[in-house]
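Asker: Supplied in structure tokens, the structure appears directly below.
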Amino acid sequence: MNAISKPGLPAPSYPPHARTYRYDEVDREFLQERIAEFTGQIERRLRGELTEDEFKPLRLMNGLYLQLHAYMYRIAIPYGILNATQLRQLAMIARRWDRGFGHFTTRQNIQFNWTKLEDVPDIARALADVDMHAIQTSGNCIRNTTTDEYAGASPDEVVDPRIYAEIIRQWSTLHPEFTWLPRKFKIAISGAPHDRVALQVHDIAVQAKQNAAGEIGFEIWAGGGLGRTPILATRLRDWVPEEEFLAYLEAVLRVYNALGQRENIYKARIKILVRDLGEEFRQRVEQEFARLPKQRYRLDPEIVAQIAAHFAPPPFAALPDNPAGFAGMLAGNAEFAAWAGRSVRAHRQPGYASVTISLKPIGGIPGDASAEQMEAVAALAERHSFGEIRVSHVQNLVLPHVRQEDLPAVWQGLREAGLATPNIGLISDIIACPGMDYCALATARSIPVAQMISERFADLDRQHDIGECFINISGCINACGHHHVGHIGILGVDKRGAESYQITLGGSATNDAALGELVGPGFAYDQVTDAVETILRTHLAHRRPGERFIDTYRRIGLAPFKEALYAAA
Amino acid sequence: MPLLENGRLVADEWVRVADDAPVPDQPAILSLARLRSEDLAGRNAKLGLALDPATQPEEIAALLPRLSLITVTLPKSKDGRAFTQARALREHHGFTGEIRATGHVLPDQWRMLLRCGVSTVEVPEGADPAQWERSRRLVDIAYQPALGAAAPLGLLRRRLETV
Ligand code: SF4
């Protein structure tokens, strides 16, 4: 069956300059084959030829997850990059097969919470029409690789991480050996010295670098993860040459697949193996790496060059920084200036900027976007950002390449769509997992806590005064809301039938990664917001001028916060 | 259990021998403990090993020259250690005998087992070989090098020649 070619797969018409990986017929044919395979598996399940136990891993690795009320369908947005055509299609799917909303996740994916099993093949085909899929967004396999939402735009970027994220995507897609791992497996890659991808909490973290000779190589870390046993990653290697990149990843995965725990689901992540084996883990990886046939797993520089071509810079115009239209608006319109102060970020190309779009309106559901909002963002991207959109790991969207002179128009467009909340990096820019509202594993509500906190601090002047502070909320110990690495982390647990919220302080997911410290006994549902307020008041009372919450905390420690929170009791 | 190879059910010349049963003078699959403890020096019939999922292939390296068959096992379909065992046996130890997948194997896994170097699979009583074959052929494109994979089509892609 060598020469089969399936006719009639139309090439989607893309915005001309969007720097997404462009599928060719082989990629499209692969998706069609995979849809046929999964459709067949659903049919076998419906006929009873597969037990639910047998079907479960198959549906999970195709993105279908059973929640509290319905199936959730999680769609891959490879390393968080979308073009306008794809975002419009997601809006269409939200309208036609969901309730008019989509939910962007911390893995830069999107999920639909109200999916019917029988609709899945149709949705999968609608995704394939725009070169998208839901493969490996769930299950014990290699998940969507995440990267910097400002890739290709950020001034501090050394290596473009999209190229290697795409290489990992292809290599890990239906990997014959690593599709039945002990547990899920998440890889993140950064190509900038400033970590914007939470490297330290990933199963494998890749820091792409350049040496003095201009060669590209990778620093590799493994064994980070949150969940009930939060552990930061361990460095395995300072430098893996580009040609051996996939060989090294193979070696790490082989050691994990062979030795990772399989009996106890809570001990099955690679972080436990790395912790338990210590230096022996690294030695085993090195041993495996030394003996695997390098030629077979060699990453050909020609392949890298071909993939890199997909991510060549868009045709930027030669423009000055701070054009009059932008500078004048900054000086003359306080509302615009407040938004720009939070949402506009420096770009490597003079005259351009990146715009972060807040999906955290006051009192809203963090990460949710309506079909209309997705369409509005798609239109703005087409007009102002070469047709490109990014999803950030804190559940916001990004227009990566906007002309500074267009910023007032972009702001207007976002305002009309209800997407111009000037709160990026402030306390209402909250990460929250779905919690009790959707998730079958939840022990407490998560979204409503985010909404209460956001409403309490609705006054944006007050938010600005408090300054940068990240609140992360999880609805159970599985930590999907990354509470351990929030400056303020909130974990909802069940305490004798009532929700109780444990608060940690001082977590961080960036270069200075740290796990938060528990302040003390938990708070009831209706006390959490007061507790957060007390914490922030304590910060304001102690901070030095301009000091961020996390820095105040590091300077003064847990005690003053503890005292303020529990003194009255 | 019926044995599937190259799309058809084939006769199985091997017998599995319990640890307390005598070793017959025909192709026999033994446990690792038995292989290590039994004096098999004078034996002419072929030998096979039932490899436990927890045993690393390097632990049996010294035995490999004597073995014509190794079974790798999926205790549950989602337990994928056999994939790495098979690959290591082929890639690191140059094992050229039969590698047989046993246990709770789904037709959906057959293609991937083959790409990791497995040669035969024990299928449930009454299994339809045609269905296994269809399942195997459903996807004939792959993005990574593997055992038995064809020449590259370009980029990371390989069309599967052996499919
Ligand atoms: S942290 Fe718990 S409640 Fe929240 S999404 Fe994860 S499993 Fe569900």
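Asker: For a quick check, take a GNM of chain B with Cα springs below 10 Å and name the residue from B:Ala11, B:Ala21, B:Ala86 with the largest mean-square fluctuation.
Answerer: B:Ala21
Asker: Something else now. For each pair in A:Lys184/A:Lys271; A:Lys56/A:Lys116; A:Lys56/A:Lys186; A:Lys186/B:Lys78; A:Lys116/A:Lys360, compute the distance between the two Cα atoms and list the pairs where it is over 22 Å. Don't skip to the answer; put the middle values down first.
Answerer: Values: A:Lys184/A:Lys271 11 Å; A:Lys56/A:Lys116 16 Å; A:Lys56/A:Lys186 20 Å; A:Lys186/B:Lys78 18 Å; A:Lys116/A:Lys360 28 Å.
Among A:Lys184/A:Lys271; A:Lys56/A:Lys116; A:Lys56/A:Lys186; A:Lys186/B:Lys78; A:Lys116/A:Lys360, the Cα-Cα distance tops 22 Å for A:Lys116/A:Lys360.
Asker: What accessible area, in Å² to the nearest ten, does a 1.4 Å probe give for A:Trp239?
Answerer: Using a 1.4 Å probe on the heavy atoms, I get roughly 70 Å².
Asker: Run the dipole for region A:431-566 about the Cα centre, Lys and Arg Cβ at +1, Asp and Glu Cβ at -1, nothing else charged, and hand back the magnitude in debye, nearest 20. Don't jump to the answer; show the numbers that get you there.
Answerer: On the way: 12 positive and 16 negative charges, 62 e Å.
Dipole about the Cα centre, nearest 20: 300 debye.
Asker: Then there's this: Using the Cα centre as the reference, give the magnitude of the dipole from point charges on the C-beta atoms of the protein assembly as shown (Lys, Arg: +1; Asp, Glu: -1; all else neutral), rounded to the nearest 20 debye.
Answerer: Values: 82 positive and 89 negative charges, 78 e Å.
Taking the Cα centre of the protein assembly as shown as origin, the dipole is about 380 debye.
Asker: Kindly point out, ordered by number, any Cys in the protein assembly as shown whose beta-carbon has no other cysteine beta-carbon under 4.7 Å away.
Answerer: Cysteines lacking a close Cβ partner in the protein assembly as shown: A:Cys141, A:Cys439, A:Cys469, A:Cys476, B:Cys116.
Asker: Just want to confirm a number: the relative contact order over region A:25-128, from Cα pairs under 8 angstrom separated by 6+ residues, in percent.
Answerer: On the way: 107 pairs, mean separation 28.7, N = 104.
This gives 28 percent for region A:25-128.
Asker: Using Cα-Cα distances under 8 Å and only pairs 6 or more residues apart, what relative contact order does chain A have, in percent?
Answerer: Details: 1203 pairs, mean separation 71.5, N = 569.
Relative contact order here is 13 percent.
Asker: Sum -39500 (n - 2.57) across every DSSP H segment of at least 4 residues in chain A, then divide by the residue count to get the 222 nm mean residue ellipticity, nearest 500.
Answerer: So the calculated ellipticity at 222 nm is -11000 deg cm²/dmol.
Asker: On the protein heavy atoms, probe 1.4 angstrom, tell me the percent of accessible surface of region A:390-529 carried by carbon and sulfur.
Answerer: Carbon-and-sulfur percentage of accessible area, whole number: 51.
Asker: Give me the mean projected area, in nm² to one decimal, of the convex hull enclosing the Cα positions of region A:324-416. Before the final figure, lay out each step's value.
Answerer: Details: hull surface 23.8 nm².
The Cα convex hull of region A:324-416, projected and averaged over all directions, gives 6.0 nm².
Asker: For chain A, what does the alpha-carbon gyration tensor say about shape, rounded, prolate or oblate, given a ≥ b ≥ c as the root eigenvalues, a/c under 1.5 as rounded, and a/b over b/c as prolate?
Answerer: Values: a/c = 1.34, a/b = 1.16, b/c = 1.15.
Rounded, because the longest to shortest axis ratio a/c is under 1.5.
Asker: What FRET efficiency would be calculated for the residue pair B:Ala33, A:Arg47, taking the C-beta separation as r and a Förster radius of 60 Å, to the nearest 0.05? Spell out each step's value before the answer.
Answerer: Working: r = 42 Å, r/R0 = 0.70.
Computed FRET efficiency for B:Ala33 and A:Arg47: 0.90.
Asker: Once a ≥ b ≥ c are taken as the square roots of the eigenvalues of the Cα gyration tensor of region B:1-148, is the result rounded (a/c under 1.5), prolate (a/b larger than b/c) or oblate (a/b not larger than b/c)? Don't jump to the answer; show the numbers that get you there.
Answerer: On the way: a/c = 2.05, a/b = 1.48, b/c = 1.39.
Since a/c reaches 1.5 and a/b is larger than b/c, the shape of region B:1-148 is classed as prolate.
Asker: Could you size up the charge dipole of region B:96-140 around its Cα centre, putting +1 on the beta carbon of Lys and Arg and -1 on that of Asp and Glu, and report it in debye to the nearest 20?
Answerer: On the way: 6 positive and 7 negative charges, 42 e Å.
Computed about the Cα centre, the dipole is about 200 debye.
Asker: Could you tell me what percent of the accessible area of region A:153-309 is made up of carbon and sulfur, with a 1.4 Å probe and every protein chain present? Working shown, then result.
Answerer: Numbers: 2480 of 5240 Å².
Using a 1.4 Å probe with all protein chains present, region A:153-309 comes out at 47 percent carbon and sulfur.
Asker: Then there is this: With a 1.4 Å probe and every protein chain left in place, work out the accessible area per residue of chain A in Å², rounded to a whole number.
Answerer: On the way: 20390 Å² over 569 residues.
For chain A, the solvent-accessible area averages 36 Å² per residue.
Asker: If one computes the Cα centroid of region A:243-268 and of region A:115-138, what distance in Å separates the two points?
Answerer: 28 Å
Asker: Now for a different question. Give me the accessible area of A:Asp238, 1.4 Å probe, in Å² rounded to the nearest 10.
Answerer: Probe radius 1.4 Å; accessible area of A:Asp238 about 80 Å².
Asker: Would you mind getting the Kirkwood hydrodynamic radius of region A:186-326 from its Cα pairs, rounded to one decimal in Å? Numbers along the way, then the final one.
Answerer: Working: mean 1/r = 0.0587 Å⁻¹.
Value: 17.0 Å, from the Cα pair sum.
Asker: Output the peptides A:169-179, B:51-61, A:31-41 sorted from most to least packed, where packing is the average of other Cβ atoms within 10 Å over each peptide's residues.
Answerer: Values: A:169-179: 23.1, B:51-61: 16.7, A:31-41: 19.0.
The packing order, highest mean first, is A:169-179, A:31-41, B:51-61.
Asker: Express the relative contact order of chain B as a whole percentage, based on alpha carbon pairs under 8 Å and six or more residues apart in sequence.
Answerer: Details: 271 pairs, mean separation 30.8, N = 163.
Relative contact order here is 19 percent.
Asker: Springs between alpha-carbon pairs under 10 angstrom, Gaussian network model over chain B: which of B:Arg90, B:Arg81, B:Arg43 fluctuates most?
Answerer: B:Arg43
Asker: Assuming R0 = 56 Å, can you tell me the calculated FRET efficiency for the pair A:His542 and A:Thr39, based on Cβ-Cβ distance, to the nearest 0.05? Write down the numbers at each step before the final one.
Answerer: On the way: r = 60 Å, r/R0 = 1.06.
After rounding, the FRET efficiency stands at 0.40.
Asker: Find how many whole Å separate the alpha carbon centroid of region A:190-209 from the alpha carbon centroid of region B:88-152.
Answerer: Spelled out, the Cα-based centre of one part sits 35 Å from the other.
Asker: Can you give the FRET efficiency to the nearest 0.05 for A:His69 and A:Tyr266, using r as the Cβ-Cβ distance and R₀ = 25 Å? Could you put the intermediate results ahead of the total?
Answerer: Values: r = 26 Å, r/R0 = 1.03.
Using R0 = 25 Å, I get an efficiency of 0.45.
Asker: Binned at 5 Å from 0, what are the whole-percent values of the Cα-Cα distance distribution for region A:431-566, short to long?
Answerer: 2, 11, 22, 24, 21, 13, 5, 2, 0
Asker: Here's something else I'd like to know. Using a ≥ b ≥ c from the Cα gyration tensor of region A:494-558 (square roots of the eigenvalues), is it rounded, prolate or oblate, where a/c under 1.5 gives rounded and otherwise the larger of a/b and b/c decides, a/b for prolate? Each step should come with its number before you reach the end.
Answerer: Details: a/c = 2.97, a/b = 1.63, b/c = 1.82.
Because a/c hits 1.5 or more and a/b fails to exceed b/c, region A:494-558 counts as oblate.
Asker: If you don't mind, another one. Below 23 Å, Cα to Cα, which lysines can A:Lys562 reach? Residues fewer than 8 away in the same chain don't count.
Answerer: The reachable lysines, counting only those whose Cα sits under 23 Å from A:Lys562, are A:Lys495.
Asker: For A:Trp221, A:Trp97, write out the residues from largest to smallest accessible area, computed with a 1.4 angstrom probe and no ligands counted.
Answerer: On the way: A:Trp221 55, A:Trp97 35 Å².
Putting A:Trp221, A:Trp97 in descending order of accessible area: A:Trp221, A:Trp97.
Asker: Using a 7 Å offset from the Cα along the Cα-to-Cβ direction at both A:Arg296 and B:His93, what is the distance between the two label points in nm, to one decimal?
Answerer: 1.5 nm
Asker: Test of understanding: extend the Cα→C-beta vector of A:Ala338 to 7 Å, then name every residue of region A:442-468 with backbone N under 12 Å from that spot.
Answerer: A:458-465
Asker: Which ³J(HN,Hα) values in Hz, rounded to whole numbers, follow from the phi angles of region A:538-544 under the Karplus curve 6.51 cos²θ - 1.76 cosθ + 1.60, where θ = phi - 60° and Gly and Pro get x?
Answerer: So the J values, rounded to whole Hz, are 4, 4, 4, 5, 9, 5, 8.
Asker: Can you list the HN-Hα couplings for region A:515-521, worked out from phi with the Karplus curve (6.51, -1.76, 1.60; θ = phi - 60°), rounded to whole Hz and with x for Gly and Pro?
Answerer: Rounded to whole hertz, the list is 9, x, 9, 5, 7, x, x.
The values are calculated or read from the model by the stated rules, or taken from the named source; none is laboratory data. What you see is a predicted model; the values in this text were computed from it and never measured. All Cβ positions, even for glycine, are placed from backbone atoms using ideal geometry, and neighbour counts span all protein chains on display. In case anyone asks, the SASA skips ligands and DNA or RNA and just uses the protein heavy atoms, side chains included. Shrake-Rupley method; radii C 1.70, N 1.55, O 1.52, S 1.80 Å.
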